[in-house]
Amino acid sequence: MNIDKQEQVLSLIRTLRFEFRELSSKKPNDQVNTFKLKYVNQAIEAANDVLKDFKPYADFEKFSEEDLPTNSDVLMILSIYLDAL
């Protein structure tokens with residue numbers, strides 16, 4: 001496991017979780033726009049690459065852009081990934 005990459009991904013997931021905690025506290029059921037989702041998905045894919053067989057959910061790769069998640073959905077997943085990292 002590359003420590004530099006792990007630290008970079010950990011920092012990114014922490015920052016995204018902080019931002020989505022703010023969004024979720026105001027509007028938990030609002031859908032995430034595609035701009036934000038693109039970057040959340042990139043962070044989750046990077047975390048999956050770091051975690052490999054230890055990722056939180058074997059069947060979860062990233063959020064679907066066709067079925068946009070809510071702020072609280074993203075917050076939940078980011079929190080789970082943060083714990084896994």
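The values are calculated or read from the model by the stated rules, or taken from the named source; none is laboratory data. In this text the structure is predicted, and so the values were computed from the model without any measurement. Virtual Cβ from ideal backbone geometry, glycine too; neighbours counted across all protein chains shown. Side chains included, ligands, DNA and RNA excluded: accessible areas come from the protein's heavy atoms. Shrake-Rupley method; radii C 1.70, N 1.55, O 1.52, S 1.80 Å.
About the Cα centre of the chain, how large is the charge dipole given +1 on each Lys and Arg Cβ and -1 on each Asp and Glu Cβ? Please answer in debye to the nearest 20. If you can, show how the numbers build up before the last one.
On the way: 11 positive and 15 negative charges, 65 e Å.
That gives a dipole near 320 debye.
Restricting attention to the chain, lysine pairs at least eight places apart or on different chains and with alpha-carbon atoms under 18 angstrom apart total 7.
Considering Cα pairs under 8 angstrom that are at least six residues apart, work out the relative contact order of the chain and quote it in whole percent. Computed value for the chain: 47 percent relative contact order.
Apolar share of the accessible surface for the chain: 50 percent from carbon plus sulfur atoms, 1.4 Å probe. Among (i) 91; (ii) 113; (iii) 78, only one was calculated for this model; which label is it, if the read-out is volume of the Cα convex hull per residue in Å³? It is the one labelled (iii). Remark: spin-label model distance T34-E19 equals 1.8 nm, labels positioned 7 Å along the Cα→Cβ axis. Can you give the net charge of the other residues whose Cβ lies under 13 Å from the Cβ of V50, counting K and R as +1 and D and E as -1? Taking every Cβ under 13 Å from that of V50, the sum is -2.
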